[in-house]
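**Q** There's a structure below that I have some questions on.
Derivation of every value follows stated rules applied to the coordinates shown; laboratory data play no part. Note that the coordinates shown come from a computational prediction; the quantities given were computed from them, not determined experimentally. So basically every Cβ, Gly included, is an ideal-geometry build from the backbone, and we count neighbours across all protein chains shown.
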């Protein structure tokens, strides 16, 4: 991926939401801003996406807003409920119905915010 189109933005947002969920499950706290920024950088590097920080900051803010809703909607309150969302290391499993559902929530939110 080398563009910052809506599909790529939705994938990054989905990843940031899941990162928030992992943090909450592990520490009982949402990600600090610096960790959210680093998560965005890691995802961009792993996926060959190019987002400058001015594009990533609003996505991080949206992830913080969306994560509590996604947590309750998909019952992702325990760390063990998050394990099946990943295919390999920190790569999301886009064949998982839950990941697809989270991405749909993210895409819809992006549509509403543009």
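**Q** Using Cβ contacts closer than 10 Å as the measure, can you line up 55, 11, 95 from fewest to most?
**A** Neighbour counts put them in this order, fewest first: 95, 55, 11.
**Q** Specify the angular offset, from 0 to 90 degrees and rounded to the nearest 10, of the alpha carbon long axis of helix 53-73 from the longest principal axis of the alpha carbons in the chain.
**A** Orientation of helix 53-73: about 20 degrees from the principal axis.
**Q** Going by a ≥ b ≥ c, the root eigenvalues of the Cα gyration tensor, does the chain fall in the rounded group (a/c under 1.5), the prolate group (a/b larger than b/c) or the oblate group?
**A** Since a/c stays below 1.5, the shape of the chain is classed as rounded.
**Q** Find how much the distance from residue 27 to residue 88 grows on full extension, using 0.36 nm per residue of separation minus their present alpha carbon separation; answer in nm with one decimal.
**A** 19.7 nm
**Q** Hey, what angle do you get for helix 33-47 against the long axis of the chain, alpha-carbon based, 0 to 90 degrees rounded to 10?
**A** Once rounded, one gets 70 degrees.
**Q** Please report 96, 28, 113 as a ranked list, fewest other C-beta atoms within 10 angstrom at the top and most at the bottom.
**A** Result, fewest neighbours first: 28, 113, 96.
**Q** Taking the Cβ of each residue in 73, 27 as the centre, tally the other Cβ atoms inside 10 Å and list the residues starting with the fewest.
**A** Ranking 73, 27 by Cβ neighbours within 10 Å, fewest first, gives 27, 73.
**Q** Compute the long axis of helix 6-27 from its Cα atoms, compare it with the longest principal axis of the Cα atoms of the chain, and write down the angle in degrees, 0 to 90, nearest 10.
**A** On a 0 to 90 degree scale, this one is about 30.
**Q** Which residue, 103, 54, 20, has the most motion in a Gaussian network model of the chain that connects Cα atoms within less than 10 Å?
**A** The residue with the greatest mean-square fluctuation here is 54.
**Q** Something else about it: Tell me, what is the percent relative contact order of the chain, built from C-alpha pairs under 8 Å that lie six or more residues apart?
**A** Result for the chain is 34 percent.
**Q** With a point put 7 Å past each Cα toward its Cβ, work out how far residue 80 is from residue 53 in nm, to one decimal.
**A** For the pair residue 80/residue 53, the computed spacing is 4.1 nm.
**Q** Say we join alpha carbon atoms closer than 10 Å with springs in a Gaussian network model of the chain; which of 36, 92, 12 then has the biggest fluctuation?
**A** Of 36, 92, 12, the Gaussian network model singles out 92 as fluctuating most.
**Q** Okay, next question. With each pseudo-label sitting 7 Å past Cα toward Cβ, what's the residue 61-residue 42 distance in nm, one decimal?
**A** That separation, rounded to one decimal, is 2.4 nm.
**Q** Cut-off 10 angstrom, C-alpha nodes, Gaussian network model of the chain. Which of 67, 46, 23 fluctuates the most?
**A** Highest fluctuation of the listed residues: 46.
**Q** Quick one, can you get me the convex hull of the C-alpha atoms of the range 59-114 expressed as volume per residue in Å³?
**A** Normalising the Cα hull of the range 59-114 by residue number yields 88 Å³.
**Q** Can you compute the helix-only [θ] at 222 nm over the chain? Use -39500 (n - 2.57) per DSSP H run of at least 4 residues, normalise by all residues, nearest 500 deg cm²/dmol.
**A** Roughly -23000 deg cm²/dmol at 222 nm, from the helical runs in the chain.
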